[in-house]
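Visitor: I have a structure I would like to understand better, so I am pasting it below and will then ask my questions one at a time.
The values are calculated or read from the model by the stated rules, or taken from the named source; none is laboratory data. Note that the structure is predicted; figures quoted are calculated from it, not measured. Cβ placement follows ideal geometry from the backbone for every residue including glycine, while neighbour counts extend to all protein chains displayed.
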């Protein structure tokens, strides 16, 4: 009887052990999503950077060589949609244009913070603009004062109304980089009338401990190999930002960028590539390639401190000796389109010069070596043994520079160098690393005979193209970049008048009259075509790469979505930050194993409009609707503020679906099952032995 009971107990214990195994497995299966959630992956987006740590580059945003990470770290008062020419509020929520009172009132966000936790207020805008005043930034040509009405209202006093005033105020000089608690002491000195030169000298010496912005990501660290940013949890749009970290490896070469693409180590970038690389990447299952109109092109730049290049006929001869079609093909077939009329304006800006084209007033500079030879001989050059000699009898030698690592530009300049050598001009081509090229050590300091630069300047309206062509580049005057002999006062034979190109560019900036704008644009375009301060060669298509395995991106086949990509022209990081901030770029749940709010197929962005009293400001209100899935509907809640303010409205009601992703750790389940089974068998064995 005792033996029977012992065996019965053994059987019961074994059964209990097996039940325990089942229970443990069930609990593990149920709990694993919770464990997965607790151990959620850090979502990291990779895009390249081009900065080095101090002292090579600076944390001080007002100092030369400063590290400006646009959109991601630093924000503007408003974001500019390049193709639609709309301004979308960022640090500002709206603005009033009061012409009768000669003032512009800008209303600021009340829920914005600097990355050190300090609230963003009007004092920060005031500080930034006062320092811009000492730096002679363009906006101060049109405003005379800036002051705070209250913590979230700033008043700009207008001394001269200009067509581009809002563009300067909200966008060009609207990047707010000077928190009062760090840079206010310098702004106060400027406001008190202290010598701006002395203040700027002290300001440039100052180096903060880190970079402080207001953007969706805060600066963490920089090394020679990368920059690291982390999501700023107090950002005003943090609920839309579903990326935890941005890592920016230091890359200055297209070839290195391609290798990162191939390995899936970049999630978004803009490295130019030849057709064969594009084809290779399109075959990758994770790669999305988007071509946009870059609103720019490249031009051959002449240094007017070279006495031979100061001669118009010499510049014309060089232009005729270059085959634009071959140069564009060398830079990248399908990505560069030869210019048809070298005027400095983009083809999208053609409406401004149709009269000149119809009148036959523009020279096309089609490839014509014979014409080039006639021009050089007409000003005293001679050709012996296939080589050109100057009027002084010396070989005609020129030093040409291009930014190393920019394979498209290097290929273009290599082709130009070969064509000019074949024509008989001795060319030395040098390719300093791109960060050095865009510094006073090389291009910006005028250390070249021939160089390459952008034209078009990422704007369809002619002002930006002509401002870069005639006035300045990267805040350096053309008289520094292209020599003290760079011309600004010219005679225009077709118009039979003398002009000052500086004044004509200012007309484009100031005049509200279309006929005046067109007259100035025509004269400036004709001046470029006739005098060739630069020789525009080809317009560019920018190639954007996105990793669709890692992230969900807006579908570029939809026109409104394509406009979001188009914003990358001249500012790919600003465009990325904008898409992230409005929730248009989110982690791919299949890759990251996270729950995200999926963006709608068609992305809608806030629209800026001018409204008369009463003023309506839209704020998002979430309404949950009965459905098999959770839906979020954006509606409008209105509040009255004051009269005539530019603000935000949402035209389209969009539905957002939330998809839940459950990640089960099957390895853990199997492991616990095996452990439980072993424990059960061991217990049974021990009891049986006893």
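Visitor: All but one of (1) crowded, with 20+ Cβ neighbours inside 10 Å; (2) part of a helix (DSSP H, G or I); (3) outside the structural domain of residue 151 (by TED's automatic domain parsing) hold for residue 279; state the number of the condition that does not hold.
Guide: Against the list (1) crowded, with 20+ Cβ neighbours inside 10 Å; (2) part of a helix (DSSP H, G or I); (3) outside the structural domain of residue 151 (by TED's automatic domain parsing), residue 279 comes up short only on (1).
Visitor: Determine whether the stretch 221-235 contains at least one residue that is more than 29 Å from residue 434 (Cβ to Cβ), touching a helix residue (DSSP H, G or I) at 6+ places or on another chain (Cβ under 7 Å), in contact (Cβ under 8 Å) with a residue 12 or more places away in the chain and not in a strand (DSSP E or B).
Guide: The answer is no, given that none of the residues of the stretch 221-235 is more than 29 Å from residue 434 (Cβ to Cβ), touching a helix residue (DSSP H, G or I) at 6+ places or on another chain (Cβ under 7 Å), in contact (Cβ under 8 Å) with a residue 12 or more places away in the chain and not in a strand (DSSP E or B).
Visitor: Checking the condition in a loop (DSSP other than H, G, I, E, B), closer than 26 Å to residue 81 by Cα and modelled with pLDDT of 95 or more, which residue from 155, 160 passes?
Guide: The match here is 160.
Visitor: Let me ask something else. Determine which single condition residue 225 fails, assuming it passes every other condition in (1) in contact with a strand residue (DSSP E or B) (Cβ under 8 Å, 6 or more places away or on another chain); (2) at pLDDT 95 or above; (3) surrounded by 16 or more Cβ atoms within 10 Å (Cβ to Cβ); (4) over 30 Å from residue 92 (Cα atoms).
Guide: Every listed condition holds for residue 225 apart from (3).
Visitor: Is it true that residue 344 is under 28 Å from residue 458 (Cα atoms), crowded, with 18+ Cβ neighbours inside 10 Å and touching a residue at least 60 places away in the same chain (Cβ under 8 Å)?
Guide: Yes; evaluated as a whole, the condition is true for this residue.
Visitor: Sticking with this structure for a sec: Any idea how many residues of the stretch 265-304 are in contact with a helix residue (DSSP H, G or I) (Cβ under 7 Å, 6 or more places away or on another chain) and within 20 Å of residue 47 (Cβ to Cβ)?
Guide: Number satisfying all stated conditions: 13.
Visitor: Quick one: would you say residue 384 is within 21 Å of residue 304 (Cα to Cα), assigned by TED's automatic domain parsing to the domain that holds residue 477 and surrounded by fewer than 16 Cβ atoms within 10 Å (Cβ to Cβ)?
Guide: Judged against the criteria, residue 384 is not a match.
Visitor: Something else: Can you pull out every residue in the stretch 63-108 that is assigned to a loop (DSSP other than H, G, I, E, B) and farther than 27 Å from residue 45 by Cα?
Guide: Listed by number, the residues that qualify are 63, 64, 84, 85, 102.
Visitor: Looking at residue 389, is it closer than 20 Å to residue 309 by Cα and surrounded by 21 or more Cβ atoms within 10 Å (Cβ to Cβ)?
Guide: The answer is no for residue 389.
Visitor: In this structure, does residue 170 turn out to be under 22 Å from the mean Cα position of the chain (by Cα), at pLDDT 95 or above and either over 22 Å from residue 70 (Cα atoms) or buried (at least 18 other Cβ atoms within 10 Å of the Cβ) (or both)?
Guide: yes
Visitor: Condition (residue is at pLDDT 95 or above, in a helix (DSSP H, G or I), closer than 30 Å to residue 542 by Cα and not assigned by TED's automatic domain parsing to the domain that holds residue 85) applied to the stretch 359-369: is it met by at least one residue?
Guide: No - not one qualifying residue is present in the stretch 359-369.
Table: residues versus (1) in contact with a strand residue (DSSP E or B) (Cβ under 7 Å, 6 or more places away or on another chain); (2) more than 17 Å from residue 310 (Cα to Cα); (3) in a strand (DSSP E or B).
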| residue | (1), (2), (3) |
| --- | --- |
| 469 | yes, no, no |
| 483 | no, no, no |
| 486 | no, no, no |
| 505 | no, yes, no |
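Visitor: Further question: Any residue in the stretch 286-296 that is touching a residue at least 24 places away in the same chain (Cβ under 8 Å), closer than 17 Å to residue 527 by Cα and outside any loop (DSSP other than H, G, I, E, B)?
Guide: Taking every residue of the stretch 286-296 in turn, none turns out to be touching a residue at least 24 places away in the same chain (Cβ under 8 Å), closer than 17 Å to residue 527 by Cα and outside any loop (DSSP other than H, G, I, E, B).
Visitor: So residue 397 fits all but one of (1) modelled with pLDDT of 95 or more; (2) in contact with a helix residue (DSSP H, G or I) (Cβ under 7 Å, 6 or more places away or on another chain); (3) closer than 24 Å to residue 427 by Cα; what number is the exception?
Guide: Looking at each condition in turn, residue 397 falls short on (2).
Visitor: What pairs can you find where one residue is in the stretch 389-404 and in contact (Cβ under 8 Å) with a residue 12 or more places away in the chain, the other is loosely packed, with under 13 Cβ neighbours inside 10 Å and in a strand (DSSP E or B), and their Cβ atoms are less than 9 Å apart, with a gap of 6+ or different chains?
Guide: Here the result reads 397/428; 398/428; 399/428; 400/428, each pair linking the stretch 389-404 to a residue that is loosely packed, with under 13 Cβ neighbours inside 10 Å and in a strand (DSSP E or B).
Visitor: Does the stretch 246-256 contain at least one residue that is out of contact with any strand residue (DSSP E or B) (no Cβ under 7 Å at 6 or more places or on another chain), part of a strand (DSSP E or B) and surrounded by 15 or more Cβ atoms within 10 Å (Cβ to Cβ)?
Guide: No, the stretch 246-256 has no match at all.
Visitor: Collect the residues in the stretch 183-220 that are within 30 Å of residue 256 (Cβ to Cβ), free of Cβ contacts under 8 Å to residues at least 40 places away in the same chain and buried (at least 16 other Cβ atoms within 10 Å of the Cβ), keeping them in residue-number order.
Guide: Across the stretch 183-220, there are no qualifying residues.
Visitor: Which residues, counting only those in the stretch 417-437, are more than 15 Å from residue 314 (Cβ to Cβ) and either modelled with pLDDT of 95 or more or in a loop (DSSP other than H, G, I, E, B) (or both)?
Guide: Correct list: 417, 418, 419, 421, 422, 428, 429, 430, 431, 432, 437.
Visitor: Also: Is there a residue being touching a strand residue (DSSP E or B) at 6+ places or on another chain (Cβ under 8 Å) and either under 19 Å from residue 92 (Cβ atoms) or in a loop (DSSP other than H, G, I, E, B) (or both) anywhere in the stretch 199-209?
Guide: Yes, some residue in the stretch 199-209 is touching a strand residue (DSSP E or B) at 6+ places or on another chain (Cβ under 8 Å) and either under 19 Å from residue 92 (Cβ atoms) or in a loop (DSSP other than H, G, I, E, B) (or both).
Visitor: Whether any residue in the stretch 507-515 is surrounded by 23 or more Cβ atoms within 10 Å (Cβ to Cβ), within 24 Å of residue 174 (Cβ to Cβ), free of Cβ contacts under 8 Å to residues at least 60 places away in the same chain and assigned by TED's automatic domain parsing to the domain that holds residue 342 is what I want to check.
Guide: no
Visitor: Can you name the condition, by its number, that residue 127 falls short on among (1) crowded, with 19+ Cβ neighbours inside 10 Å; (2) touching a helix residue (DSSP H, G or I) at 6+ places or on another chain (Cβ under 7 Å); (3) over 15 Å from residue 188 (Cβ atoms)?
Guide: Only one criterion in (1) crowded, with 19+ Cβ neighbours inside 10 Å; (2) touching a helix residue (DSSP H, G or I) at 6+ places or on another chain (Cβ under 7 Å); (3) over 15 Å from residue 188 (Cβ atoms) is unmet by residue 127, namely (3).
Visitor: Could you run through the stretch 389-425 and say how many residues are over 25 Å from residue 440 (Cα atoms) and within 43 Å of the chain's Cα centre (by Cα)? Talk me through it step by step, then tell me what you get.
Guide: First, pick out the residues of the stretch 389-425 that are over 25 Å from residue 440 (Cα atoms): 389-396, 415, 418-425.
Of the ones still in play, those that are also within 43 Å of the chain's Cα centre (by Cα) are 396, 415, 418-425.
Of the residues in the stretch 389-425, 10 are over 25 Å from residue 440 (Cα atoms) and within 43 Å of the chain's Cα centre (by Cα).
Visitor: Condition test on residue 536, is it buried (at least 23 other Cβ atoms within 10 Å of the Cβ), at negative phi and part of a loop (DSSP other than H, G, I, E, B)? Write out each step before concluding.
Guide: On the way: buried (at least 23 other Cβ atoms within 10 Å of the Cβ): yes; at negative phi: yes; part of a loop (DSSP other than H, G, I, E, B): no.
Judged against the criteria, residue 536 is not a match.
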